[in-house]
1. Just going by the charge dipole of the chain, with Lys and Arg at +1 and Asp and Glu at -1 on Cβ, which of 141, 185, 256 is farthest out on the positive end?
2. Assigning unit charges at the beta carbon (Lys, Arg +1; Asp, Glu -1) and nothing else, what dipole magnitude in debye, to the nearest 20, does the stretch 83-163 show about its Cα centre?
3. Counting Lys and Arg as +1 and Asp and Glu as -1, each charge on the Cβ, what is the dipole of the stretch 199-290 about the Cα centre in debye, to the nearest 20?
4. Would you mind giving the three semi-axes, in whole Å and largest first, of the ellipsoid equivalent to the chain according to its Cα gyration tensor?
5. Output wanted: per-residue J couplings in Hz (rounded whole) for the stretch 170-186, from phi through Karplus 6.51 cos²θ - 1.76 cosθ + 1.60, θ = phi - 60°, x for Gly and Pro.
6. HN-Hα J couplings of the stretch 240-246 from phi, Karplus 6.51/-1.76/1.60, θ = phi - 60°, integer Hz, Gly and Pro as x?
7. Could you work out the helix-only [θ] at 222 nm for the chain, with each DSSP H run of four or more residues adding -39,500 (n - 2.57) and the total divided by the number of residues, to the nearest 500 deg cm²/dmol?
8. Just for the stretch 146-294, what percent of DSSP beta bridges are antiparallel, to the closest 5?
Amino acid sequence: MYTIKTLSNLTGVNPDTIRSWERRYDLLRPERTDSGRRTYSDGDVEKLTLIAALLKSGHTISHLAALSPDELNALRASNPVSATQDLRQKILTELEETVGRSDLQAFGKLISSAITLLPPHDLADRILSPILRTIGDRWSIDALDIGDEHAFTAVIKQCLMSVLPSPSWTNPGPVALFTTLADDHHELGALMACHIAANSGFNCHYLGPNMPGDALLTHCQRIKAELLVVSLITSSDPAAVTGTLNSLAKKLQPVTQVWVGFGKHAPFKDADFDSRIVTFNRFDPFHKRLVLLR
């Protein structure tokens, strides 16, 4: 069950708007706790998410409120391309074109624009991850030299770093730490996760890449981290990496959650992680779990 604040964070609909739609249209029928607080179900999250998407496609709330979940899904299927999807596709297409002509300046402007226009988890899953794959693919077939490959990824790093807030000892949000393990210099996954968490109200500490396990343990304890997020891209010894993370999870206090993110094709898909470790291969479920933790 979800509070109205969590429902709002998951769907992007303001709590006051949710209450108003409940009064005017009987849109949702939340249960009440003994103290009178509203609580919402997974079905409510799904319904409100559908409605929010359909509103962006030009439908009115008075029309949508009268539809059943099946009718909302059918309507959504008949309107597959929203304004946001159009925007994402436009940005991604233009980014691919700038990579094709090695135009770093235009690439940087597009990345900065995407950061401003899109929610961080949407940006990570649907813009940055695909364009990084495109850059890697072009380099692998010699359509992009190593200098350009480094330059494009550096632009993404610089744009993300420019919008990250500094750690604050007065921020009441959960303390979260982001990094990669020793000898892993691929930091953009950790940086994207940090950007998402910072925009979700977390007090974020970004350590950059290449952190040895013992130093990571010490730093987590020093700043009293409630969440440790480690990005994994690749490794010549996945079993050793898994062992390092399992050992770290067991040594940390139970108050510190350990989350690990890796790509769909990384060699950690079937790794035997400790039961305390939560794994992700996309940023959308990562964001949803952040909202629940917050």
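1. Comparing the listed Cα positions along the dipole, 256 ranks first.
2. 260 debye
3. Dipole of the stretch 199-290, to the nearest 20 debye: 260 debye.
4. Semi-axis lengths for the chain are 34, 27, 17 Å.
5. Couplings: 9, 5, x, x, x, 7, 10, 10, 10, 5, 10, 7, 3, 6, 10, 9, 8 Hz.
6. 5, 4, 4, x, 4, 5, 5
7. Value at 222 nm, helices only: -17000 deg cm²/dmol.
8. Percent antiparallel among DSSP bridges in the stretch 146-294 is about 0.
Read-outs throughout are calculated quantities, based only on the coordinates presented, and are distinct from any laboratory measurement. Since this is a predicted model, take the numbers as computed values, not measurements. Note that each Cβ is placed from the backbone with ideal geometry, even for glycine, and that neighbours are counted across all protein chains shown.
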